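Okay, so here's the structure we're looking at.
The values are calculated or read from the model by the stated rules, or taken from the named source; none is laboratory data. Since the model is a prediction, treat every value here as computed from it, not as a measurement. Positions of Cβ are backbone-derived with ideal geometry, glycine not excepted, and every protein chain shown enters the neighbour counts. Just so you know, the surface numbers come from the protein's heavy atoms only, side chains and all, with ligands and any DNA or RNA stripped out. Shrake-Rupley method; radii C 1.70, N 1.55, O 1.52, S 1.80 Å.
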Amino acid sequence: MKNMAELQGATPPSWLGRSRWRLVADVVGGLRANLDKLVQLVGLGAAYLRPSVLRRRFERLRALGHVDVVPSWAQAVLAGRDQMMLSASEETKLFYASQGIPWIFHNARRFLSGPATMLDPIGLFSPRETIVEHVLQTFHRHPVYDLVLLRAHEGGVEALARGVERLNAGTHPHGRALESLIEDGSYHARLPGEIAAFAADPLAPARPIPEGLVGDAHMMLAMDQFKDMRGFARYASRLEATVPRALLAWLVAGFDEALGSLLGVKLGPTSIRVEACDPDIRARHPEPVRAPSGT
């Protein structure tokens, strides 16, 4: 049976086997790299403090045909918790295990390389350069979600195309870190084709999730619902959310990931809200029938 990496066409990263000291040195960066990190963090923080930024970017994507609805700030932030903590994080843990990548150490290196790339669960709060850095930094099965994010920014997709070209030519200023972080050895070579296909037809649907990618029906449901921005926006728009509730959800998530993981206690949900998912996606991933208790 193929593992998760093989089902997605991923190959082993070239940096596996290097010493931990060298891997950390790869991502620390010099003055230019760390100035870029600071600028991106400031831009992300400013967007979090201005709810109008989120709505403006959602409205631009609706005008371009990428989303059907515009969720509120609270709905989007609450949905972001579900997307990051109940879908992307769990999926990535399984993918890393299939590639032999240490979860904690690798994510610590990702944070050192680009803190802002790991602090936006939606992507729409991030500056354009942060999204570009994220796409170049980590494996995406099909980067359509992030390519759509870039269309919320003027010249976003073109900026990514230039970044990939420089990276593959060996002239990218963050090239050492990006090459040392990417979890799929063939990913950067595939990106130009992905970008060209998107540029030719930006409204083409996201590719289906490979059948049997994971054995958990709830996780398959989550990956399918959040595979593109349209699915995320629809899910978010169906949530009952207020600003206090959204912020509390993230406080609980922080507890679960830190102290809760040490104590073996989890206060937050273990799966996304099935009733908020699209009916056709729910039909593709029905919940398994549970055997009666006592049998």
message: For region 15-26: of the residues being of a type in the set (D, E, K, R) and under 23 Å from P173 (Cβ atoms), which is most open to solvent (accessible area, probe 1.4 Å)?
response: R22
field: Residue among R207, R245 that is surrounded by fewer than 20 Cβ atoms within 10 Å (Cβ to Cβ), of a type in the set (D, E, K, R) and within 17 Å of V67 (Cα to Cα)
entry: R207
Tabulated pairs, region 173-184, first more than 14 Å from L31 (Cα to Cα) and among the β-branched types (V, I, T), second part of a helix (DSSP H, G or I) and at pLDDT 95 or above, C-beta under 9 angstrom, 6+ apart or interchain: I182/L136; I182/Q137; I182/H188
- request: Output the residues belonging to region 220-245 that are in a helix (DSSP H, G or I), more than 19 Å from the chain's Cα centre (by Cα) and touching a residue at least 24 places away in the same chain (Cβ under 8 Å).
  value: S237, V243, R245
Near pairs, Cβ below 8 angstrom, 6+ apart or cross-chain, from region 258-284 (in a loop (DSSP other than H, G, I, E, B)) to any residue that is open to solvent by 70 Å² or more (accessible area, probe 1.4 Å): V265/L259; R273/R238; D278/R234
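Conditions tested, residue by residue: (1) in a helix (DSSP H, G or I); (2) open to solvent by 30 Å² or more (accessible area, probe 1.4 Å); (3) hydroxyl-bearing (S, T, Y).
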| position | (1), (2), (3) |
| --- | --- |
| A79 | yes, no, no |
| M85 | yes, yes, no |
| E90 | yes, yes, no |
| Y96 | yes, no, yes |
| R110 | yes, no, no |
| I122 | no, no, no |
| I131 | yes, no, no |
| Y145 | yes, no, yes |
- prompt: Identify, please: which residue in region 27-77 is among the polar types (S, T, N, Q) and within 22 Å of W250 (Cβ to Cβ) and is, among those, most open to solvent (accessible area, probe 1.4 Å)?
  reply: S52
task: Kindly check whether there is at least one residue in region 117-139 that is touching a residue at least 12 places away in the same chain (Cβ under 8 Å), more than 30 Å from A63 (Cα to Cα) and among the small types (G, A, S).
output: no
- prompt: Across region 176-212, what is the total count of residues that are within 30 Å of L112 (Cα to Cα) and not hydrophobic (A, V, I, L, M, F, W, C)?
  reply: 13
- prompt: Applying the selection to region 199-219, what residues are part of a helix (DSSP H, G or I) and under 30 Å from E287 (Cα atoms)?
  reply: A217, H218, M219
task: Give A253, A196, A189 a once-over and let me know the one that is assigned to a helix (DSSP H, G or I) and buried (at least 18 other Cβ atoms within 10 Å of the Cβ).
output: A253
